[in-house]
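To keep things clear, I will list the structure first and then write my remarks on it.
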Amino acid sequence: MSDQKLHVTDGRTGKTYDLPITDGSIKAMDLRQMQTDPEDFGLLAHDPAFTNTTSCRSAITYIDGDRGILEYRGYSIADLAEKASFLEVQWLLLNGELPDAAQLASWKSDLASRAHLPAGLLDVLQGLPKDAHPMSVLMVLMAALGGYSADSRNVRDAKVRAEHIRRILAQMPLLAAAAWRHRRGHAQIAPKPGVGYVENFLRMIYGRDDVNPVLIRAMDVLLTLHADHEQNCSTAAMRGVGSSECDPYSCSGAAIAALSGPLHGGANEEVLRMLAEIGSVEHIPSFLAKVKDKKAKLMGFGHRVYKSYDPRAKIIARIAKEVFEVTGKNPLLEIAVELERIALSEPYFIERNLYPNVDFYSGLIYQSMGFDPSYFTVLFAVGRAPGWLSQWDELIRDPEQKIARPRQIYTGHRARPFPR
Ligand code: ACO
């Protein structure tokens with residue numbers, strides 16, 4: 001049995017320390033004992049962007065970025081995408097097990113009975129410009145929803161948490177559809193009783209009842225693929241904000257904000273713009289030359305965690321085929337496929353382990369389903385909501401957690417005489 005300790009000598013003092021190693025990590029606070037003198041604050045770990053720092057223990061999502069593995073509660077993303085519905089995945093993420101038939105039926109009715117928005121929320125929506133970015137609209141609506149749920153601030157009460165998790169998940173597609181219809185100046189549509197969660201969402205988007213079942217299933221799978229991804233930027237925002245014990249609507253608003261950026265959920269929107277800009281396969285080599293010159297980024301490529309093919313991207317390729325059979329092929333697909341083929345054969349991308357991520361093809365599917373690029377991230381948010389809420393609930397129940405409060409290395413002036 002090996003010694004589960006890190007033996008360190010502090011070169012500044014010559015002192016040696018034994019730092020316990022647990023679960024492949026040391027506690028950053030164990031560094032603090034390393035002082036140069038009794039007045040010294042103690043050694044800190046510096047990790048901008050948290051590239052090598054764990055911030056929690058979590059039993060929700062497992063990723064092995066080198067092997068391209070993604071599992072929710074131990075089930076592979078491929079099995080879940082093929083064999084489970086998004087509602088089952090919501091339950092799984094929140095409860096740790098797949099629901100049985102009775103649990104699933106009661107989950108469906110729990111969500112359906114909460115699928116209505118407060119009337120005043122539509123007044124908030126009317127106050128927003130039609131050309132506001134849909135993610136800004138979603139963020140505002142989510143934060144405003146908290147104003148109708150005063151008891152949601154009581155986050156230490158498990159029953160209160162469970163109730164508001166249900167409300168947020170029930171109302172998320174309604175908020176998303178409201179943002180969509182507002183942008184187009186269309187009257188709002190209420191969900192139809194007895195219609196499934198995803199079907200109702202697409203019904204409200206398209207404004208008609210006869211949504212093609214292939215598109216409903218495709219959207220269901222896309223939502224599952226986005227449902228959680230452990231400690232990504234928006235989930236870290238959800239947890240960071242939630243650590244102050246504010247209500248889950250405020251945390252979800254913060255998570256939506258984080259997701260909206262082009263380096264995170266906004267990437268699929270950028271992929272479409274990039275493909276449109278490239279315009280045709282003949283222009284791919286000159287575009288890739290710009291990327292290698294660091295004058296452009298190949299959007300939809302690269303990932304902080306996956307250093308091989310993103311397992312979600314493989315499933316998306318299959319969904320794309322099914323959707324295009326219904327909608328007709330997206331004309332940008334040819335450019336995307338060729339771009340991927342050439343990029344994956346170029347040393348720049350091979351050496352840096354840059355592969356397509358979930359966003360490379362998802363935008364093409366969304367566009368073919370009638371969504372415009374600025375709305376894609378809203379779809380991502382509808383999918384990610386159960387992940388955010390499961391992670392938030394886990395955070396609140398975790399006795400190891402406190403309010404998140406990183407340290408800094410101060411680089412500014414000190415104790416300056418005031419000039420007047
Ligand atoms: N295009 C061109 N070069 C890239 C790309 C890319 N998409 N991604 C990374 N690189 C290069 C970097 O320039 C860097 O090169 P260098 O070593 O010569 O300096 C090297 O690869 C390492 O990249 P980092 O930026 O250090 O990787 P990091 O883990 O910080 O970034 C990120 C990950 C933000 C996803 C990045 O790959 C990126 O910007 N990709 C494009 C945006 C995108 O698709 N985002 C979606 C991510 S998935 C999601 O959020 C759902």
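Rolling a 1.4 Å probe over the protein heavy atoms leaves L344 with an accessible area of roughly 60 Å². Ranking F418, F349 by solvent-accessible area of protein heavy atoms (1.4 Å probe, all protein chains present), from largest to smallest, gives F418, F349. Take S286: with every protein chain present and a 1.4 Å probe, its accessible area is about 80 Å². Given a Förster radius of 30 Å and the C-beta distance between S308 and H283 as r, what FRET efficiency does 1/(1 + (r/R0)^6) yield to the nearest 0.05? According to the calculation, E is roughly 0.60.
Element breakdown for region 5-46 at a 1.4 angstrom probe: carbon and sulfur atoms account for 54% of the accessible area. By accessible area, using a 1.4 Å probe on protein heavy atoms only, region 276-374 has 54% of its surface on carbon and sulfur. Computed over protein heavy atoms with a 1.4 Å probe, the carbon and sulfur contribution to the accessible area of region 74-189 reaches 54%. How would you classify region 58-399 from its alpha-carbon gyration tensor, with a ≥ b ≥ c the square roots of the eigenvalues: rounded for a/c under 1.5, else prolate if a/b is greater than b/c, otherwise oblate? Prolate. Accessible surface area normalised per residue over region 1-123 is 62 Å², counting heavy atoms of protein chains with a 1.4 Å rolling probe. Ordered by 1.4 Å accessible area with all protein chains kept, L92, L98 run largest first as L98, L92.
Each Lys and Arg adds +1 at its Cβ and each Asp and Glu adds -1 at its Cβ; summed about the Cα centre, region 195-348 shows a dipole of about 460 debye.
Can you bin region 226-376 into rounded, prolate or oblate? Criterion: square roots of the alpha carbon gyration tensor eigenvalues sorted a ≥ b ≥ c, rounded for a/c under 1.5, prolate for a/b above b/c, oblate for the rest. Prolate, since a/c reaches 1.5 and a/b exceeds b/c.
In a simple Cβ point-charge model (Lys, Arg +1; Asp, Glu -1; nothing else charged), the chain has a dipole of about 1020 debye relative to its Cα centre.
When the chain is described by a simple charge dipole with +1 on each Lys and Arg Cβ and -1 on each Asp and Glu Cβ, the residue from M29, V124, N357 located farthest towards its positive end is V124. What whole-number distance in Å separates the alpha-carbon centres of region 28-107 and region 359-393? Rounded to whole Å, the Cα centres lie 20 Å apart. What the Cβ-Cβ distance of D293 and E325 gives, at R0 = 35 Å and to the nearest 0.05, is a FRET efficiency of 0.35.
Dividing the summed helix terms, -39500 (n - 2.57) for each DSSP H run of n ≥ 4, by the number of residues in the chain produces a 222 nm estimate of -15500 deg cm²/dmol to the nearest 500.
About the centre of its Cα atoms, region 328-420 shows a dipole size close to 940 debye [charges on the beta carbon of Lys, Arg (+1) and Asp, Glu (-1) only; nearest 20 debye]. Solvent exposure of region 150-235 amounts to 38 Å² per residue of accessible area, where only protein heavy atoms count and the probe is 1.4 Å. For region 311-402, the per residue solvent-accessible surface stands at 37 Å², with DNA, RNA and ligands left out and a 1.4 Å probe. A simple spin-label model places pseudo-atoms 7 Å from Cα toward Cβ; at D3 and T51 they are separated by 3.1 nm. Taking every protein chain into account, the 1.4 Å probe leaves I168 with about 0 Å² of accessible area, to the nearest ten.
Put H229, H283, H46 in order of accessible area, highest first, and with a 1.4 Å probe you get H46, H283, H229. Looking at the square roots a ≥ b ≥ c of the eigenvalues of the Cα gyration tensor of region 5-46, which shape do they give, rounded for a/c under 1.5, prolate if a/b is larger than b/c, or oblate? Verdict is oblate for region 5-46. For the pair E97 and E245, a Förster radius of 41 Å applied to the C-beta separation gives a FRET efficiency near 0.90, rounded to the nearest 0.05.
The values are calculated or read from the model by the stated rules, or taken from the named source; none is laboratory data. Only a predicted model underlies this, so the values are computations on that prediction, with no experimental measurement involved. Quick reminder, even Gly has a Cβ in these numbers, built from the backbone with ideal geometry, and neighbours come from all protein chains shown. For the accessible areas, the whole protein counts, side chains as well, though only heavy atoms, and no ligand, DNA or RNA atoms are used. Shrake-Rupley method; radii C 1.70, N 1.55, O 1.52, S 1.80 Å.
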